[in-house]
Amino acid sequence: MSKPIRFAAIGLDHRHIYHLVGELAASGAECVGYCPQTSDARVLEGFRERFPGLEAIERDRLFADPTIDIIVCAAIPCDRAAIAIRAMHAGKDVMVDKPGATTLADIEAIEKAARETGRIFSICFSERFVVRACEAATRLVAEGAIGRVIQTVGLGPHRLNRPIRPSWFFEREAYGGILVDIASHQIDQFLFFTGTDKAEIVASATANRGTPDVPEFEDYGEILLRNEQASGFIRVDWFTPDGLATWGDGRLFLLGTEGYIELRKYIDVAGREGADHLFVSNREGTRYIDASGEKLTYFDNFLNDVRNRSSTAMPPRHAFTVTRLAIAAQMRAG
């Protein structure tokens, strides 16, 4: 039996670090430890509660350790590029939380480092990779259940939880803008489900509707994008009401030439309990699928890619394309 792949966590600034570490460990990788440096003590506290057996290790030691194969990172978004580049030059593959970068200069530098070192740079788009309904939709689309996907609508509402957010969360330079920060999820889904690696931003807009005292923060954003095969609409916002039973009513609609699929990822409002609800309508009729039992595949595939130097978890240029499109949409919105 081959020895387990070893990884470490650097950048404990966003709670997404929990599923990066937890899912890799569940897929059989061994977490060596983590750097405790953080901008949000609540994230660090939550990390230690979830992973009490892990050792806190200074980050220079983690970068220098030749037995560590992977660095996972959910640092402040503007800091992720530097961490990823240093990790790749230290001979390690990288998995980062979205967004992978906040500027074009940073994503160019990341791509250059990946090309020079031969290391893997992957972005965990959790609204696809940690959503079991997306796994079911992937299978249905591959089976031809709705024909060829010609349009997507991605809705990404979030709850603001303002009192617990760190200061950088409201600073444009730090988080990159709402289209970079959140809409990268929906851009990823558009490219993936339409089976393409190209798109253009037709229109985009952002706004601050509910937090005028923090003018750098954007709480609403939208994008219209298309390519030769399909078009897509994206809406993201920070207006999930406190009364909703989850952090956001995230939905994805896939329109195909022979039917359509709707994903209610996190809640079926006033309907079925739990998450991962999928509805499909095609020539055979309409049916509901409880996708909560679907197996997540991204983390297994990523570890196989590390072992085999392949690209089954994510096509080689996908992370860079999504990030560039998100930044282009943000720049176009102003």
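Taking the options F233, F170, F253, name whichever one is surrounded by fewer than 23 Cβ atoms within 10 Å (Cβ to Cβ), over 17 Å from V153 (Cα atoms) and assigned by TED's automatic domain parsing to the domain that holds G147.
Answer to the check: F170.
For segment 276-287, which positions are surrounded by fewer than 17 Cβ atoms within 10 Å (Cβ to Cβ) and either touching a residue at least 12 places away in the same chain (Cβ under 8 Å) or closer than 21 Å to F129 by Cβ (or both)?
The answer is F279, S281, R283.
Every residue, every condition in (1) more than 21 Å from I327 (Cα to Cα); (2) in a loop (DSSP other than H, G, I, E, B), yes or no:
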site: A82; (1), (2): no, no
site: R86; (1), (2): yes, no
site: A101; (1), (2): no, yes
site: E108; (1), (2): no, no
site: A113; (1), (2): no, no
site: I123; (1), (2): no, no
site: G147; (1), (2): yes, yes
site: Q151; (1), (2): yes, no
site: G154; (1), (2): no, no
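Just checking, which of G210, G248, G232, G221 is in a loop (DSSP other than H, G, I, E, B) and closer than 26 Å to V130 by Cα?
Just a single option satisfies the conditions, and that option is G248.
Can you tell me which condition V96 does not meet? The list is (1) surrounded by fewer than 21 Cβ atoms within 10 Å (Cβ to Cβ); (2) closer than 17 Å to R15 by Cα, and all the others hold.
In the conditions (1) surrounded by fewer than 21 Cβ atoms within 10 Å (Cβ to Cβ); (2) closer than 17 Å to R15 by Cα, V96 misses (1) alone.
Residues in segment 306-316 that are farther than 23 Å from A137 by Cα and surrounded by 14 or more Cβ atoms within 10 Å (Cβ to Cβ): how many?
Residues in segment 306-316 being farther than 23 Å from A137 by Cα and surrounded by 14 or more Cβ atoms within 10 Å (Cβ to Cβ): 1 in total.
Looking only at segment 199-214, decide whether some residue is free of Cβ contacts under 8 Å to residues at least 60 places away in the same chain and buried (at least 18 other Cβ atoms within 10 Å of the Cβ).
The answer is no; no qualifying residue exists.
So which residues in segment 176-207 are more than 24 Å from G256 (Cβ to Cβ), touching a Pro at 6+ places or on another chain (Cβ under 8 Å) and part of a helix (DSSP H, G or I)?
Of everything in segment 176-207, those that are more than 24 Å from G256 (Cβ to Cβ), touching a Pro at 6+ places or on another chain (Cβ under 8 Å) and part of a helix (DSSP H, G or I) turn out to be V180, D181.
For segment 1-79, which strands (runs of 3 or more DSSP E) that fit wholly inside it have 1 or more residues that are surrounded by fewer than 20 Cβ atoms within 10 Å (Cβ to Cβ) and either at pLDDT 95 or above or not acidic (D, E) (or both)?
Answer list for segment 1-79: 6-12, 30-34.
So which residues in segment 133-145 are over 14 Å from the mean Cα position of the chain (by Cα) and assigned to a helix (DSSP H, G or I), if there are any at all?
Listed by number, the residues that qualify are A133, E135, A136, A137, T138, R139, L140, V141, A142.
Residue check: is D60 in contact (Cβ under 8 Å) with a residue 40 or more places away in the chain and among the acidic types (D, E)?
No.
Scan segment 267-275 and tell me whether some residue there is assigned by TED's automatic domain parsing to the domain that holds H158, closer than 14 Å to H158 by Cβ, assigned to a loop (DSSP other than H, G, I, E, B) and free of Cβ contacts under 8 Å to residues at least 24 places away in the same chain.
Scanning segment 267-275, I find at least one residue that is assigned by TED's automatic domain parsing to the domain that holds H158, closer than 14 Å to H158 by Cβ, assigned to a loop (DSSP other than H, G, I, E, B) and free of Cβ contacts under 8 Å to residues at least 24 places away in the same chain, so the answer is yes.
The values are calculated or read from the model by the stated rules, or taken from the named source; none is laboratory data. Computed from a predicted structure; not experimentally measured. Virtual Cβ from ideal backbone geometry, glycine too; neighbours counted across all protein chains shown.
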